[in-house]
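Undergrad: Sending over a structure as structure tokens; questions will come in a sec.
The values are calculated or read from the model by the stated rules, or taken from the named source; none is laboratory data. Computed from a prediction, not measured in an experiment: that's the story for all the values here. All Cβ positions, even for glycine, are placed from backbone atoms using ideal geometry, and neighbour counts span all protein chains on display.
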Amino acid sequence: MDDNIMIRPSTTGYSIGPHELRAPRAVLIAGSKVFADMLSLPHGPPKKPVDTNINVAEPFDELKPFLRVLNMSHDKGDPLKELEPKDWAVVARLADKYDSATARGCALGMCWKWKAQDTADENLAGFNTAANIHHADLSTLFLIRLLRQGRPLALASALHDREAQFSDWVDKLKVHALEQIIAPPSVTNCVDCAGEHGAHIAELTLYRALHQAMRDWASENAADPFVATADDASSEAGLCDVCDASFNERVAQFEERYRETAPKFPA
């Protein structure tokens, strides 16, 4: 069972270059339940093992990184280091389609790596990869990071064909935000601020800021809806530097908790 299988990618779309790939039969059977089922089906009269072939719908450019991961032990390079971040979203999608625990595990491992690094391009790749393997926790984490980065083109790329899920998720986020402001963080102010602006100036400022943030709600700021509005409000309230810093720190903690408990993106 050490013969090679010829895999013929689709010749439509953006594929360029050669239109066939080869992989060991044993690798395909062990690495993909779908390929294992395909290779177990009769294909007419017996052929020489090397002549066995499979036609697939993916173009060469997409199939190649996926097969490199499946065939990692025989690869002349190191796919885990050599594949580009954008390639992993394709690997993840094909891992799901061809039911490959090997490729799915590698894609998940890259997501955990990108989670620790937190860079702009890798957050985009992380979201696409995590969403393609239906990992709700990591999909949500990377999507929140993309929103906070304020990169409209990257966000539009991430949400291609996922606009409906994003809209539903943002609606749930808004409900979540409304639930959070029912019990806002406690804030205090010093005697001097109380004497100048009223005994409960910090609490009143926070109340107004949180409700203003909900009135200003928009999908593009759904990941960080409170801090900017609260910062403006505390400055306008005339809090002293110490009270202002304490106020903003409490709001930042409150917003971080809001993100940590946010509903999961429906990956």
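Undergrad: Which residue pairs have Cβ atoms closer than 9 Å, lie 6 or more positions apart in sequence or on different chains, and pair a first residue in region 68-81 that is within 16 Å of residue 105 (Cα to Cα) with a second residue that is part of a loop (DSSP other than H, G, I, E, B) and of a type in the set (A, V, I, L, M, F, W, C)?
TA: 68/83; 69/83
Undergrad: Of everything in region 52-80, what is surrounded by fewer than 17 Cβ atoms within 10 Å (Cβ to Cβ), under 25 Å from the mean Cα position of the chain (by Cα) and either closer than 12 Å to residue 8 by Cα or of a type in the set (Asp, Glu) (or both)? Give them in sequence order.
TA: Within region 52-80, 61, 78 meet the criteria.
Undergrad: Restricted to region 240-267, and to residues that are aliphatic (A, V, I, L, M) and either within 32 Å of the chain's Cα centre (by Cα) or outside any helix (DSSP H, G or I) (or both), which residue is surrounded by the most Cβ atoms within 10 Å (Cβ to Cβ)?
TA: 251
Undergrad: Anything in region 179-205 that is touching a helix residue (DSSP H, G or I) at 6+ places or on another chain (Cβ under 7 Å) and crowded, with 16+ Cβ neighbours inside 10 Å? List them, or say none.
TA: 180, 181, 184, 185, 187, 189, 193, 197, 201, 202, 205
Undergrad: So for region 224-237 (the condition being of a type in the set (A, V, I, L, M, F, W, C) and more than 24 Å from residue 146 (Cβ to Cβ)), does at least one residue qualify?
TA: The answer is yes; a qualifying residue exists.
One line per residue, one yes/no per condition, for (1) closer than 22 Å to residue 28 by Cβ; (2) in contact with a His (Cβ under 8 Å, 6 or more places away or on another chain); (3) at pLDDT 95 or above:
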{"position": "79", "(1), (2), (3)": "yes, no, no"}
{"position": "90", "(1), (2), (3)": "yes, no, yes"}
{"position": "99", "(1), (2), (3)": "yes, no, yes"}
{"position": "125", "(1), (2), (3)": "no, no, yes"}
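Undergrad: Same structure again: Could you look through region 1-25, keep only residues that are surrounded by fewer than 15 Cβ atoms within 10 Å (Cβ to Cβ) and at pLDDT 80 or above, and pick out the one that is farthest from the chain's Cα centre (by Cα)?
TA: 3
Undergrad: Let me ask another. Please find, among 155, 210, the residue that is at pLDDT 95 or above and not in a loop (DSSP other than H, G, I, E, B).
TA: 210
Undergrad: Please tell me if residue 186 is polar (S, T, N, Q), part of a helix (DSSP H, G or I), touching a residue at least 12 places away in the same chain (Cβ under 8 Å) and out of contact with any Pro (no Cβ under 7 Å at 6 or more places or on another chain).
TA: Judged against the criteria, residue 186 is not a match.
Undergrad: Filter region 132-152 for residues that are assigned to a helix (DSSP H, G or I) and over 10 Å from the mean Cα position of the chain (by Cα) and give the result.
TA: Listed by number, the residues that qualify are 147, 148, 149, 152.
Undergrad: Quick one: what pairs do we get from region 203-231, first residue without any contact (Cβ under 8 Å) to a residue 40 or more places away in the chain, second acidic (Asp, Glu) and not in a helix (DSSP H, G or I), C-beta under 7 Å, 6+ apart or different chains?
TA: 229/216
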